[in-house]
Structures are given as structure tokens and as C-alpha cells.
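Visitor: Please find one structure pasted underneath; my questions will follow.
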Amino acid sequence: MGEKKGNIFDIQRFSIGNGPGIRTTVFLKGCPLRCKWCHNPESMSGKPQLMYDKKLCKKCGACAKACPTQGISLSLEDYHIDRTICTLCGVCVSACNYGALSVAGREITEDALWEILQKDKAYYESSGGGVTFSGGEPTMQPEFLLGMMERLKGEGISIAVDTCGWCDEKTFERVLGGADLILFDLKHMDPTEHKKLTGQSNEIILQNFIRTIQRGKNLQVRYPMIPGLNDGYENIEQMCVFLIKWGVMDLDVSVYHSYGQSKYESLGKSYDPIREYEATQKQERFRWMEKLGIHAHEI
């Protein structure tokens, strides 16, 4: 059997905010959810994807000439990639002198990733940091994830897993067994609304949340607060009551921003705009969480 390989779309060294201390965060491709507000749409597919940044494009035509499948056409008014015939060979990326084209996602072996991760072991140890696996949803690549976790564990490097919780029980139990910290997202408490907003119900997610608590794992809960979608006072109250029931009093709140909108355009995808919060709207919701007994922190 050959060495395990994974598909990642980014590695951030010396990162903070994805667990304690100085960390390296590995972003794996593939996610079972399709959240309407996702700011990393390139994380959804488990495969590499061609991205086009029109702000950087000079329409010089070099990419179209280089494309072996003739999948790129352009004029002064329009630029089009026929993604049905694109083979992701990367020739157009190499031909572009302005950085307008890139491939999101690359295959990497365990050995190659390990070589990167172990470089900063001294920083992990001195700061109380480690390695965080994020995504996408890292449990979508279970064997690669678990293999890397085993290597890190063997070297005494702390491991955090950032998860949406939508994962089969057997895999999730294995992840819990190897992780030192679980960063767990809660997006909506109502299963029907959750499915409308993400494409999946939340029964499995809540079961895995309770499983994490029952296993006594170190847990950090995150709530992406999205205007008009999951920030209603009823949902917030249900979430707070649920958290307090399971002994969780602190909540990291990721307030919606529109920074990811351009990525949808780069992938040739449509995006329904969401209006960002006014300061008072955000403050009212934070006060409501505090009133309900939850210490909410904006991240």
C-alpha cells in the first residue's frame, strides 16, 4: 500500500485563533455542508478547482493561447472558463504573468505535510500551541487526518480539530481519541432550518457535540452569527439553553463578513449577498447572550 495522500487548500504557519498558542493550521478540502454564508467556497469540493481573479486580469490572452483544451475565451467585455472541459493541468496558471489564475487545492503526502509541520515544533512547545486541522471539514478525509494525528501524537505535538460535527460516529470517535482540543461549530438549533441553511440537518451534529462533552474532551464552541439567517433571538436562546445544559458557558462568535464574496466569482459560482451588521444590531445580540448566561466573545 502506498503512502496516504490528502487534498489541502492552504497551510498557515504561525497562526493564532485556531486554538491556544502558536499553531500551524492545515485546511483540508471537502465539506458535507453548503452554508449560505461560507467564506471559503473553495473548501467545499474535495477536488482542486481553478480560480480566476478578474481584478488582476489584464486580458492579455496568454492563458487562452496556452490552454490545451481551448477552455478559455475572452474579449474586452467578457472572460469565460469552460469548467466542463478544464482538466486542471495548470498550464494557464503558469502562462499568466499577473497572478489572475490559480488552482485551489493540491495533493500532499503524509511525509511532505509532516516535513512542514515539524519545523515549528519548538514554537509549539514554547507557546503551548500545536497543529490545527480545519477545512472545509477535516473528517471528510478521515484516513489522511487520522494518520497525521497519529504522527503528531507520537511526537508529543498538541492537536486541535476544527469541525462542523457532521461526521459518522465511528470516525468521530477516532478523532476524539486523538485530538487534544475540539473546535466545534454550532450553526442553527432547529433541524429544518439547519437543512435550509446548510443542506444538512443537525441531528448528527448535535449527537457528536454531546459525544464530545461525554468523552470529557477539551471543547471550544463557535457560532457563526449571520444577519437574518441564524441570528434570531429564539435560535440564540435555544443555543444558549443547550450549551448551559451541557456545562458550556463560553462561546466564540464569528460575526459575518462579506470578504469571501469575491471567491465565489473566482470559482464561477453565484452568491446571494448578505447585508453586514450595523454596530447596534450586533451589540444587541451579544447582550442577549450575556443575559442568558453565556459569555460571548467575538473572534
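The values are calculated or read from the model by the stated rules, or taken from the named source; none is laboratory data. Just so we're clear, the structure is a prediction, and the values are computed from it rather than from any experiment. Don't worry about glycine lacking a Cβ; one is built from the backbone with ideal geometry, like all the others, and counts go over all protein chains shown. Please note that ligands, DNA and RNA were not included when accessible areas were found on the heavy atoms of the full protein model with its side chains. Shrake-Rupley method; radii C 1.70, N 1.55, O 1.52, S 1.80 Å.
Visitor: Only residues that are under 30 Å from Ala122 (Cβ atoms), crowded, with 20+ Cβ neighbours inside 10 Å and touching a helix residue (DSSP H, G or I) at 6+ places or on another chain (Cβ under 8 Å): list them for the range 29-65, please.
Guide: Within the range 29-65, just Lys29 meets the criteria.
Visitor: Kindly indicate which of Leu88, Leu76 is touching a Pro at 6+ places or on another chain (Cβ under 8 Å), open to solvent by 30 Å² or more (accessible area, probe 1.4 Å), outside any helix (DSSP H, G or I) and under 19 Å from Glu265 (Cα atoms). So that I can check it myself, show each step before the final result.
Guide: Values: Leu76 fails: touching a Pro at 6+ places or on another chain (Cβ under 8 Å).
Residue meeting the stated conditions: Leu88.
Visitor: Ser266 is checked against (1) of a type in the set (Gly, Ala, Ser); (2) surrounded by fewer than 18 Cβ atoms within 10 Å (Cβ to Cβ); (3) farther than 30 Å from Glu169 by Cα and fails just one. What number does that condition carry?
Guide: (2)
Visitor: Report whether or not Gly136 is buried (at least 20 other Cβ atoms within 10 Å of the Cβ), closer than 12 Å to Cys31 by Cα, touching a helix residue (DSSP H, G or I) at 6+ places or on another chain (Cβ under 8 Å) and among the small types (Gly, Ala, Ser). Spell out how you get there, then give the answer.
Guide: Details: buried (at least 20 other Cβ atoms within 10 Å of the Cβ): yes; closer than 12 Å to Cys31 by Cα: yes; touching a helix residue (DSSP H, G or I) at 6+ places or on another chain (Cβ under 8 Å): yes; among the small types (Gly, Ala, Ser): yes.
For Gly136, the condition - buried (at least 20 other Cβ atoms within 10 Å of the Cβ), closer than 12 Å to Cys31 by Cα, touching a helix residue (DSSP H, G or I) at 6+ places or on another chain (Cβ under 8 Å) and among the small types (Gly, Ala, Ser) - is met.
Visitor: Could you pull out the residue among Ala95, Ala100 that is in contact with an Asp or Glu (Cβ under 9 Å, 6 or more places away or on another chain) and either among the charged types (D, E, K, R) or surrounded by 15 or more Cβ atoms within 10 Å (Cβ to Cβ) (or both)? So that I can check it myself, show each step before the final result.
Guide: Details: Ala95 fails: in contact with an Asp or Glu (Cβ under 9 Å, 6 or more places away or on another chain).
Testing whether each residue is in contact with an Asp or Glu (Cβ under 9 Å, 6 or more places away or on another chain) and either among the charged types (D, E, K, R) or surrounded by 15 or more Cβ atoms within 10 Å (Cβ to Cβ) (or both) leaves just Ala100.
Visitor: Is at least one residue of the range 139-151 among the aliphatic types (A, V, I, L, M), open to solvent by 40 Å² or more (accessible area, probe 1.4 Å) and either modelled with pLDDT of 95 or more or more than 19 Å from the chain's Cα centre (by Cα) (or both)? Walk me through how you get there before you give the answer.
Guide: Taking the range 139-151 as the starting set, the residues that turn out to be among the aliphatic types (A, V, I, L, M) are 140, 145-146, 148-149.
Filter once more, keeping what is open to solvent by 40 Å² or more (accessible area, probe 1.4 Å): 140.
In the following step, the residues that additionally are either modelled with pLDDT of 95 or more or more than 19 Å from the chain's Cα centre (by Cα) (or both) were identified as 140.
The answer is yes, given that some residue of the range 139-151 is among the aliphatic types (A, V, I, L, M), open to solvent by 40 Å² or more (accessible area, probe 1.4 Å) and either modelled with pLDDT of 95 or more or more than 19 Å from the chain's Cα centre (by Cα) (or both).
Visitor: Tell me whether the range 274-289 contains one or more residues that are in contact (Cβ under 8 Å) with a residue 60 or more places away in the chain, charged (D, E, K, R), in contact with a strand residue (DSSP E or B) (Cβ under 7 Å, 6 or more places away or on another chain) and surrounded by 11 or more Cβ atoms within 10 Å (Cβ to Cβ). Quick ask: steps written out before the conclusion?
Guide: To start, the set of residues in the range 274-289 that are in contact (Cβ under 8 Å) with a residue 60 or more places away in the chain comprises 274, 285.
With the extra rule that they be charged (D, E, K, R), the set shrinks to 285.
When the remaining residues are screened for being in contact with a strand residue (DSSP E or B) (Cβ under 7 Å, 6 or more places away or on another chain), the result is 285.
Those left that are additionally surrounded by 11 or more Cβ atoms within 10 Å (Cβ to Cβ): 285.
The answer is yes; a qualifying residue exists.
Visitor: Specify the residue that is nearest to Gly136 (Cα to Cα); the eligible residues are those in the range 1-28 that are touching a helix residue (DSSP H, G or I) at 6+ places or on another chain (Cβ under 6 Å) and open to solvent by less than 10 Å² (accessible area, probe 1.4 Å).
Guide: Applying the filter and picking the extreme gives Leu28.
Visitor: Right, another one. If you go through the range 260-278 one residue at a time, do you hit one that is more than 30 Å from Thr84 (Cβ to Cβ), assigned to a helix (DSSP H, G or I) and touching a Pro at 6+ places or on another chain (Cβ under 8 Å)? First the steps, then the outcome.
Guide: First pass over the range 260-278, keeping only residues more than 30 Å from Thr84 (Cβ to Cβ): 275-278.
From what's left, assigned to a helix (DSSP H, G or I): none.
There is no residue in the range 260-278 that is more than 30 Å from Thr84 (Cβ to Cβ), assigned to a helix (DSSP H, G or I) and touching a Pro at 6+ places or on another chain (Cβ under 8 Å).
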